[in-house]
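Here's the structure we're looking at; comments come further down.
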Amino acid sequence: MKDLSRILSLIEEGFQSIRVLVIGDVMLDRYVWGSVDRISPEAPVPVLRSMHTTGVPGGAANVAMNLVGLGARATQAGFWGDDVEQRELGELLSAAGVDVSGMIDSAHPTISKTRVMARRQQLLRMDIENAAARPAVEQDALLERAVQLVADADAVILSDYAKGTLSPALCQNVIQTARRHSIPVLVDPKDKSFAKYAGATTICPNLGELSLATGIERSNLPDLIAAGERLVGETGIEFLTVTMSEKGILLLFPNASFHSQARTREVFDVSGAGDTVIATMALCLASGLDAESAVNLSNVAAGIVVGKSGTAPVSRNELVAELTTSAAMVSPEKVLDNEQLLVRIAEWRATGHRIVFTNGCFDILHIGHVTLLEQCRQFGDKLIIAINSDASVQCLKGPTRPVVKQSDRARVLAALASTDAVTIFDEETPLNLIRRIRPDVLVKGGDYTTATVVGAEDVMSWGGKVEIVPIVPGHSTSNIIARMNAPSSPEPAPTR
């Protein structure tokens, strides 16, 4: 991914300062989980043995949950009723840190969807909603509240589930207010006409929604894309963001396009993938990333949530873990200072990764080093290599060492496929670093015993393991240096 270091920095730190206003159809998604092992004798329907019930924020509220999951601040605006669903939804949003100051109390019930699930199979969905138009006084109250909140936002998302929250008047007032403040507006559409979204930064339909808006069958992809390009000009948006399921995401500009390929992943449930895309896009655009970088990151985020069951947001930790696979990174992105490393480890641990730690001077990399590191990688999920600084090596090895300076040693080690992170320490031993990192596995190469490995006692005290890997005979940096310094044998004189 282009500019991965900057993107990781934004995810780990930058998104925390971004506030996004989400306006749209807020709802509660409930799931009744159980198993089916027989058919009812009363009617030809399955009998569910109910195990438990869960509730999660859905619709526009799932967009807000994605935003806070990525470390940003979210303000939710929309309607909810005075009922048990509202209280449950309010508690869920508040617990996640979503600001609900934009919510308007309505005479209509809180929209809810209850899905009856037999393991991963959905058997039935029951919806609670009032399809009648909301009273004008409620619509006016939301419009006024939403417009007031725009000025405090870094981005605005209009999340339309066709439940009546996003009227043309509300959309246009919000879009025009945001444009006056140079605030990006992203739209997840459901209306057959995109006219009420005119002037937004981008509209993010899936292929079905784009087909509905253009009247062109989704099976006729070339004509559908051409119609999408025309929509960009007709609606006055900067670009169209078309989500295409397993085909990835397509950006359509007035005279250009960009296709971000989907990552191959087993799909369990596509519920909420569009919410994840638009939330990630909003944070990227608000942070100053270009549209192509934004859509590439959004694609990665969507790939994570489709591997989950039910409506579920993406988290910052999951996104960082996905982006920091060794194969996805180039060597400079793996070299971290001690504080950066601790943040990265916390994110890896949050997604269940097992941390392996090894250390050494690694001066003049050779086959013994490579063999050690390949074996280290087999003990866990993420391998951290801590190397002695130049000053530390000099104290240990003498004034002529190291041969290779610390920045070059770090870059070479980071280039190995087995490496996930490299850091540098100044002390003679890495004991303090080990105590801060608290690795799950500590690995040392050579003729050590557990008792002689620095940090072994600490690692075992918190339930970790210590592994000793045999060295490759005849291979060491000292031997290489000795051979380089040995006088060369004179060539034999030619015979006459």
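The values are calculated or read from the model by the stated rules, or taken from the named source; none is laboratory data. This is a predicted model, so every value here is computed, not measured. We place every Cβ from the backbone using ideal geometry, glycine too, and count neighbours over all the protein chains shown. Protein only, heavy atoms only, side chains kept; ligands, DNA and RNA dropped before computing areas. Shrake-Rupley method; radii C 1.70, N 1.55, O 1.52, S 1.80 Å.
Values computed for the structure shown
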quantity: Filter pass, S219 being surrounded by fewer than 17 Cβ atoms within 10 Å (Cβ to Cβ), within 19 Å of N296 (Cα to Cα) and modelled with pLDDT under 95; calculated: no
quantity: Some residue of segment 409-429 being within 26 Å of D447 (Cα to Cα), under 19 Å from the mean Cα position of the chain (by Cα), in contact (Cβ under 8 Å) with a residue 12 or more places away in the chain and open to solvent by 10 Å² or more (accessible area, probe 1.4 Å); calculated: no
quantity: Tally of residues being closer than 13 Å to S159 by Cα and not in a loop (DSSP other than H, G, I, E, B) across segment 197-209; calculated: 3
quantity: Segment 433-455, residues that are open to solvent by 90 Å² or more (accessible area, probe 1.4 Å) and within 35 Å of the chain's Cα centre (by Cα); calculated: R435, R436, R438
quantity: Matching residues in segment 229-250 - criterion: being at negative phi and not in a helix (DSSP H, G or I); calculated: I237, E238, F239, L240, T241, V242, T243, M244, I249, L250
quantity: First in segment 35-50 and closer than 17 Å to T114 by Cα, second anywhere and at pLDDT 90 or above and not in a strand (DSSP E or B), Cβ under 7 Å, 6 or more apart; calculated: V47/S40
quantity: Boolean, A141 is part of a loop (DSSP other than H, G, I, E, B), farther than 25 Å from G34 by Cβ and more than 27 Å from the chain's Cα centre (by Cα); calculated: no
quantity: Residue under evaluation G474, criteria (1) over 20 Å from Q375 (Cα atoms); (2) at pLDDT below 65, criterion not met; calculated: (1)
quantity: Every residue from segment 184-210 that is within 20 Å of I225 (Cβ to Cβ) and surrounded by fewer than 18 Cβ atoms within 10 Å (Cβ to Cβ); calculated: K192, S193, G208
quantity: Test result for V330, within 19 Å of I384 (Cα to Cα), modelled with pLDDT of 90 or more and open to solvent by 30 Å² or more (accessible area, probe 1.4 Å); calculated: no
quantity: Residue among A226, A151, A169 that alone is of a type outside the set (F, W, Y), closer than 22 Å to A64 by Cβ and free of Cβ contacts under 8 Å to residues at least 40 places away in the same chain; calculated: A151
quantity: Exclusive hit being touching a strand residue (DSSP E or B) at 6+ places or on another chain (Cβ under 6 Å), under 30 Å from N66 (Cα atoms) and surrounded by 15 or more Cβ atoms within 10 Å (Cβ to Cβ), set L341, L372, L323; calculated: L341
quantity: In segment 344-357, the residues that are touching a strand residue (DSSP E or B) at 6+ places or on another chain (Cβ under 8 Å) and among the charged types (D, E, K, R); calculated: R344, R349, R354
quantity: Among (1) open to solvent by 70 Å² or more (accessible area, probe 1.4 Å); (2) under 28 Å from the mean Cα position of the chain (by Cα); (3) modelled with pLDDT of 95 or more - the single one A107 does not satisfy; calculated: (2)
quantity: Identity of the residue in segment 350-369, at pLDDT 90 or above and surrounded by fewer than 20 Cβ atoms within 10 Å (Cβ to Cβ), that ends up nearest to Q394 (Cα to Cα); calculated: R354
quantity: Only listed residue being farther than 21 Å from I278 by Cα and out of contact with any Lys or Arg (no Cβ under 9 Å at 6 or more places or on another chain), chosen from Q86, Q176; calculated: Q86
quantity: Complete set of residues in segment 170-183 that are buried (at least 22 other Cβ atoms within 10 Å of the Cβ) and part of a loop (DSSP other than H, G, I, E, B); calculated: I183
quantity: Pairs with Cβ under 6 Å, 6+ apart, first in segment 199-218 and at negative phi and of a type in the set (S, T, N, Q), second surrounded by 20 or more Cβ atoms within 10 Å (Cβ to Cβ) and assigned to a loop (DSSP other than H, G, I, E, B); calculated: T201/P184; T202/I237
quantity: Yes/no for I385 being under 18 Å from the mean Cα position of the chain (by Cα) and open to solvent by less than 20 Å² (accessible area, probe 1.4 Å); calculated: no
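Conditions tested, residue by residue: (1) outside any helix (DSSP H, G or I); (2) at pLDDT 95 or above.
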position: R263; (1), (2): yes, no
position: D269; (1), (2): yes, no
position: A279; (1), (2): no, yes
position: A282; (1), (2): no, yes
position: L285; (1), (2): no, yes
position: N299; (1), (2): no, no
